[in-house]
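Asks: Can you read through this structure? Questions will come right after.
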Amino acid sequence: MRIVDIRETTASIASPIANAYIDFSKMTCSVVAVITDVIRDGKPVIGYGFNSNGRYGAGGLLRERFLPRLREARPDSLVADDGANLDPFKIWATMMSNEKPGGHGERSVAVGTVDMAVWDAVAKIEDKPLYRVLAERYRGGVADDKVWVYAAGGYYHPGKDDRALQDEMRSYLDRGYRVVKMKIGGASLDEDLRRIEAVLKVVGDGSRLCVDVNGRFDIDTAIRYAQAIRPYNLFWYEEVGDPLDYALQAELSRHYDLPMATGENLFSHQDARNLIRFGGMRAERDWLQFDCALSYGLVEYLRTLDMLKEHGWSSRRVVPHGGHQMSLNIAAGLHLGGNESYPDMFRPFCGFADAIRVEDGYVSLPDTPGIGFETKSELFAVMRPLGE
């Protein structure tokens, strides 16, 4: 078998929302199709992938560096030794050939987007859902039959008052979510506390609310907010400072004894390892949010999970950022602690299969081969033309 073609395009996910650091008025993402010569039901098997929100599309890097390397490679160098399927590790190594270590920025997004499409194709060629493929390869054949999810939202939005924020959070509860997340740090402390208290009136308890700073605070502001929100007993306090400021995270842990979360903007297993080594994260209570679609893909994510195990962390403390079907498959197949969900934001690159509903904070997965993009009609309508 062989890869026949790889195609990419850039899609808009622009919206007027903002977090504490950026707005999304010009946000894009890359979409990739990996076309193989394997024929099923009279059509070639095609793997699809895209990058998560919050990082722009990586079309330039894909076109100028990573896709040319795959096109120039010998076809047999990208497949498994028995020739029956693609080999994601060989493909990853080919894309990263002649790349210096370090600099885990936008190139990790480009590689992660292709990696997602490759794993989609691998599972389709095996005629199995990706989560089952992963469970068979790495977890003794046992996959989780459902995954805990929380609803992410609560963005700053022009004209959005506390009542509108409450209505948004109430809609998530009505759809089956039990934990929700909102943005803070983009307003004054007093205003954010008022917003938090407005949401608590809807969700009923701080243990059902996460707050996300998106890396905005210096250490003094981080501590001031920590002291102010401590009485709420929140589910977690997320990405408080710059993601690479491990000293800030470590210092904050000495002032805030409740759960914290971070990691969505760390894009390699080396950066993740530095967080564990130097960031003061506590394996018994804190949460890690590494996103495979932004961090070189599942090939690299497996290295990150191995590193966490070596440092005494359970994979159940990992809840990926991104809110997409790839992370959902990884969570079920590799026994993670859950997955983020965007019920309304970043359409159509958010949410899960059309027919699957959130029940008491959990979702199941379709039994469709691959990642399951075909089960989400709005998303697949964007992907299909790239494959055709």
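The values are calculated or read from the model by the stated rules, or taken from the named source; none is laboratory data. All of these numbers come straight from a predicted model, not from anything done at the bench. Glycine also receives a Cβ, built like all others from the backbone with ideal geometry; neighbour counts cover every protein chain displayed. Side chains included, ligands, DNA and RNA excluded: accessible areas come from the protein's heavy atoms. Shrake-Rupley method; radii C 1.70, N 1.55, O 1.52, S 1.80 Å.
Asks: Filter the stretch 272-290 down to residues that are open to solvent by 10 Å² or more (accessible area, probe 1.4 Å), of a type in the set (Phe, Trp, Tyr) and either within 30 Å of Phe66 (Cβ to Cβ) or in a helix (DSSP H, G or I) (or both), then give me how many there are.
Replies: 1
Asks: Ser97 - would you say it is open to solvent by 10 Å² or more (accessible area, probe 1.4 Å), over 30 Å from Asp192 (Cβ atoms), among the polar types (S, T, N, Q) and in a helix (DSSP H, G or I)?
Replies: It is false that Ser97 is open to solvent by 10 Å² or more (accessible area, probe 1.4 Å), over 30 Å from Asp192 (Cβ atoms), among the polar types (S, T, N, Q) and in a helix (DSSP H, G or I).
Asks: When only residues in the stretch 16-36 that are of a type in the set (Ser, Thr, Tyr) and more than 19 Å from the chain's Cα centre (by Cα) count, which is most open to solvent (accessible area, probe 1.4 Å)?
Replies: Within the stretch 16-36, the match that is most open to solvent (accessible area, probe 1.4 Å) is Ser25.
Asks: Among the residues of the stretch 217-242, count how many are outside any helix (DSSP H, G or I) and surrounded by 20 or more Cβ atoms within 10 Å (Cβ to Cβ).
Replies: Number of matching residues: 9.
Asks: While we're looking at this one, here's another question. For the stretch 38-69, what are the residues that are more than 24 Å from Pro348 (Cβ to Cβ) and open to solvent by less than 10 Å² (accessible area, probe 1.4 Å)?
Replies: Of everything in the stretch 38-69, just one residue is more than 24 Å from Pro348 (Cβ to Cβ) and open to solvent by less than 10 Å² (accessible area, probe 1.4 Å), namely Phe66.
Asks: Based on this model, can you work out whether Ile330 counts as of a type in the set (A, V, I, L, M), open to solvent by 30 Å² or more (accessible area, probe 1.4 Å) and either within 29 Å of Leu209 (Cβ to Cβ) or touching a His at 6+ places or on another chain (Cβ under 7 Å) (or both)?
Replies: Here the answer is no, as Ile330 does not meet what is asked.
Asks: Does Gly361 qualify as being open to solvent by less than 10 Å² (accessible area, probe 1.4 Å), among the small types (Gly, Ala, Ser) and under 30 Å from Pro16 (Cα atoms)?
Replies: In short, yes.
Asks: Sort out which residues of the stretch 255-271 are under 24 Å from Ala93 (Cα atoms), polar (S, T, N, Q) and not in a loop (DSSP other than H, G, I, E, B), and write them in order of number.
Replies: Gln270 - this is the single residue of the stretch 255-271 that is under 24 Å from Ala93 (Cα atoms), polar (S, T, N, Q) and not in a loop (DSSP other than H, G, I, E, B).
Asks: Please work out if Asp367 is open to solvent by 10 Å² or more (accessible area, probe 1.4 Å), more than 24 Å from Arg137 (Cβ to Cβ) and either out of contact with any strand residue (DSSP E or B) (no Cβ under 6 Å at 6 or more places or on another chain) or touching a residue at least 24 places away in the same chain (Cβ under 8 Å) (or both).
Replies: Considered against the rule, which asks whether it is open to solvent by 10 Å² or more (accessible area, probe 1.4 Å), more than 24 Å from Arg137 (Cβ to Cβ) and either out of contact with any strand residue (DSSP E or B) (no Cβ under 6 Å at 6 or more places or on another chain) or touching a residue at least 24 places away in the same chain (Cβ under 8 Å) (or both), Asp367 comes out as no.
Asks: Do you know which of the residues in the stretch 161-211 that are small (Gly, Ala, Ser) and under 22 Å from Val363 (Cα atoms) is most open to solvent (accessible area, probe 1.4 Å)?
Replies: My answer is Ser207.
Condition check ((1) outside any helix (DSSP H, G or I); (2) surrounded by fewer than 22 Cβ atoms within 10 Å (Cβ to Cβ)) across all residues:
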{"position": "Cys292", "(1), (2)": "yes, no"}
{"position": "Thr304", "(1), (2)": "no, no"}
{"position": "Trp313", "(1), (2)": "yes, yes"}
{"position": "Gly323", "(1), (2)": "yes, no"}
{"position": "Phe346", "(1), (2)": "yes, no"}
{"position": "Ala355", "(1), (2)": "yes, yes"}
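Asks: Inside the stretch 9-43, can you point out the residues that are part of a strand (DSSP E or B), in contact (Cβ under 8 Å) with a residue 60 or more places away in the chain and touching a strand residue (DSSP E or B) at 6+ places or on another chain (Cβ under 7 Å)?
Replies: If the condition is that a residue be part of a strand (DSSP E or B), in contact (Cβ under 8 Å) with a residue 60 or more places away in the chain and touching a strand residue (DSSP E or B) at 6+ places or on another chain (Cβ under 7 Å), then Thr9, Ala11, Ala18, Cys29, Ser30, Val31, Val32, Ala33, Val34, Ile35, Thr36, Val38 are the ones that fit.
Asks: Considering only the stretch 101-151, how many residues are buried (at least 19 other Cβ atoms within 10 Å of the Cβ) and small (Gly, Ala, Ser)?
Replies: Result for the stretch 101-151: 9.
Asks: Among the residues in the stretch 347-361, are any β-branched (Val, Ile, Thr), out of contact with any strand residue (DSSP E or B) (no Cβ under 6 Å at 6 or more places or on another chain), within 29 Å of Val45 (Cα to Cα) and modelled with pLDDT of 95 or more?
Replies: No; the residues of the stretch 347-361 include none that is β-branched (Val, Ile, Thr), out of contact with any strand residue (DSSP E or B) (no Cβ under 6 Å at 6 or more places or on another chain), within 29 Å of Val45 (Cα to Cα) and modelled with pLDDT of 95 or more.
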